[in-house]
Amino acid sequence: MLVTSKELLLDAQKQRYAVGAFNTNNLEITHAIFRAAEAKQSPILVQLSAGALKYAGVEYLPMIVEKAARLASVPVAIHLDHGPSFEVVMTALRAGFTSIMRDASKLPYDENVAEVRKVVEACHAVGVPVEAEIGRIGGAEEHVVVSDREATMSDPDECARFVDDAGFDFLAVAIGNAHGFYKGEPQLDFGRLEAIRDRVSVPLVLHGASGIPDAQITRAVETGICKINIDTEIRNALIRTMQQFTRENPDQIDPRKVFAPCIDAMQAVVEHKMDIFRSTGRV
Ligand code: 13P
């Protein structure tokens, strides 16, 4: 069933688990995410970036995801990942999204607040919750490329001020997480996460969770993370499985046969995340 992210994340916050927010770019990834959600009886956010909308067509992919959400036995929110502008946010609202991120974290504080407030006013008027970010998460995600030098951790006091000033619903934190695969083993700053959680009442979001060891994810969930974004590990499962399958079956040109093991591999990744996020069975 189609719901807003607020329903999902407030329950997660209360019951101390996290809901996975899985990026999709096409029909096959969407299938894998929904199959995992049904198999695990887990709530989900299915998220689309501006790049996904451009690639797959704003008229097509949201319709596929919305149809799947309405047919699903589990609660599903459709989320705009890293909304780069007010215009893209409006496009997503018109396309039926039930959750919006406005990412203006690269702007100075006052401009970030102003951009987020504008989006909050529009989204709240139609009952759609908003995620915002402060600090800068490193790595590359679609159009968002943040070098190690530019990446900055979220400051707990500034987080509290940001929530008050901009009035949004969920806060994405920078605590040593980065988009894409990590170069070494990531070390999340749990002291910083605790300090943010103690000063901020809205649910907290962890981006760049691909490649973070399970033990650190477990600790992040225990410390108060309620939404966890996964993209790279799904892409990796898709492409590596496709490479292996086409190497072993060079004459196979039926895309349905090629995609079948890829969907299975992506589903396995998503199911594992649901278990470590503790969202399995929470419907
Ligand atoms: P990964 O690509 O590291 O999984 O991060 C996804 C993400 O944070 C999307 O916003």
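Side notes on the structure shown:
- The range 211-283: proportion of alpha-carbon pairs further apart than 18 angstrom, %: 49
- Annotation: Cα Rg of the range 56-95 relative to the compact-globule expectation 2.2 N^0.38 Å equals 1.23.
- For the residues His82, His272, a 1.4 Å probe over the protein chains yields an accessible-area ranking, largest first, of His272, His82.
- Accessible solvent surface per residue of the range 1-128, calculated while the other protein chains remain in place, 1.4 angstrom probe, Å²: 42
- Here the range 1-160 is assigned +1 on the Cβ of each Lys and Arg and -1 on the Cβ of each Asp and Glu. Its dipole about the Cα centre then comes out at about 620 debye.
- Here the Kirkwood formula puts the hydrodynamic radius of the range 131-268 at 16.6 Å, using every distinct Cα pair.
- For the chain, size of Cβ-based charge dipole, Lys and Arg +1, Asp and Glu -1, in debye: 600
- For the residues Met1, Met242, Met101, a 1.4 Å probe over the protein chains yields an accessible-area ranking, largest first, of Met1, Met242, Met101.
- For the range 190-240, diffusion coefficient by Stokes-Einstein and Kirkwood Rh (Cα), 37 °C, 0.692 mPa s, µm²/s: 275
- The range 75-226, dipole about Cα centre (Lys/Arg Cβ +1, Asp/Glu Cβ -1), debye to the nearest 20: 180
- Of Lys106/Lys227; Lys67/Lys257; Lys67/Lys227; Lys6/Lys118; Lys67/Lys118; Lys183/Lys227, those spanning more than 26 Å from alpha-carbon to alpha-carbon: Lys67/Lys118
- Portion, in percent, of the accessible area of the chain that falls on carbon or sulfur, probe 1.4 Å: 52
- Figure note: Arg94, Arg102 ranked by solvent-accessible area, largest first, 1.4 Å probe, ligands and nucleic acids not counted: Arg94, Arg102.
- Rg(Cα) / (2.2 N^0.38 Å) computed for the range 1-146, rounded to two decimals: 1.01
- Estimated FRET transfer efficiency when R0 is 25 angstrom, pair Glu158-Asp264 (beta carbons, to 0.05): 0.05
- Computed over the alpha-carbon atoms, the range 7-87 gives an Rg to Rh ratio of 0.98, Rh here being the Kirkwood radius from the mean inverse distance.
- Segment Phe181-Met1, extension gain: residue separation times 0.36 nm, minus the distance between their alpha carbons: 61.6 nm
- Estimated FRET transfer efficiency when R0 is 35 angstrom, pair Ser85-Glu194 (beta carbons, to 0.05): 0.55
- Compactness of the chain as Cα Rg over 2.2 N^0.38 Å, two decimals: 0.95
- Ellipticity at 222 nm from helices only: DSSP H runs of n ≥ 4 in the chain, each -39500 (n - 2.57), divided by the residue count, give -15500 deg cm²/dmol.
The values are calculated or read from the model by the stated rules, or taken from the named source; none is laboratory data. Everything numeric in this text was worked out from a predicted model, so none of it was measured. Here the Cβ is made from the backbone with ideal geometry for all residues, glycine too, and neighbour counts use every protein chain on show. The protein model used for the area step is the full one, side chains on, heavy atoms only, and it has no ligands, DNA or RNA in it. Shrake-Rupley method; radii C 1.70, N 1.55, O 1.52, S 1.80 Å.
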